1. For region 2-154, what log10 I(q)/I(0) values come out of the Debye formula at q = 0.13, 0.21 1/Å, with one point per alpha carbon and no solvent?
2. Looking only at the chain, where both bridge partners belong to it, what percent of the DSSP beta bridges are antiparallel (to the nearest 5)?
3. What relative contact order, as a whole-number percentage, does region 2-154 give when Cα pairs under 8 Å and 6 or more residues apart are counted?
4. Need the full-extension length gain, ILE95 to LYS150, defined as separation in residues times 0.36 nm minus the C-alpha distance. One decimal, nm.
5. Report the local net charge at VAL77: Lys and Arg +1, Asp and Glu -1, summed over other residues whose C-beta lies under 14 Å from its C-beta.
6. Taking 22 Å as R0, compute the FRET efficiency from the Cβ-Cβ separation of ARG75 and ASN122 and round it to 0.05.
7. GNM, the chain, Cα, under 10 Å: largest mean-square fluctuation among ILE95, ILE37, ILE25?
Amino acid sequence: MILVSSCLAGLEVRYDGRHSLHDKIKKLVGENKAITICPELSGGFSTPREPAEITGGDGYDVLDGKAKVIDRSGREVTDLYMKGAHATLKLAKEIKASLVVLKENSPSCGSSMIYDGEFNGNKIAGDGVTSALLKRNGFRVISEEQLDEKTIESFL
């Protein structure tokens, strides 16, 4: 079973109330080969919500208490991101996820790129909080940008 970001399956759960539909992921969910989760909703956020970014590092630094997640208004929301990451890890373990496909650039889900914490649109190399926690626990995490037919076949 593959675990995927809900927004990639077409669910309108992004911070702005929109989705990031990826046709291959929607197809996998429709074929019962993938299960969706939104770490941010699992953490207690609603939709829509203020955008947030990691300041002072990346998701690994958040896990280690060295960085924070701050929303655009300046409110620290690290605890909600941590809660969502742990809920996602729990589900990944329950379904024995062979692969996790998360939305790139997200402070939760980015698996190679995240925003730089300045709310200026600049991206840096790094993992989001959920991605970092899953990787630390041995899960293979990729973004929708890395997903292709060969990858899908090798994990089903």
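1. Log10 of I(q)/I(0), two decimals: -0.51, -1.37.
2. Just about 40 percent of them are antiparallel.
3. It rounds to 22 percent for region 2-154.
4. 17.6 nm is the gain from fully extending ILE95 to LYS150.
5. -1
6. After rounding, the FRET efficiency stands at 0.55.
7. Top of the fluctuation ranking is ILE95.
Computed from the coordinates by the stated procedures, all read-outs in this text should not be read as laboratory data. This is a predicted model, so every value here is computed, not measured. With ideal geometry, Cβ positions are generated from the backbone for all residues, glycine too; neighbour counts draw on all protein chains shown.
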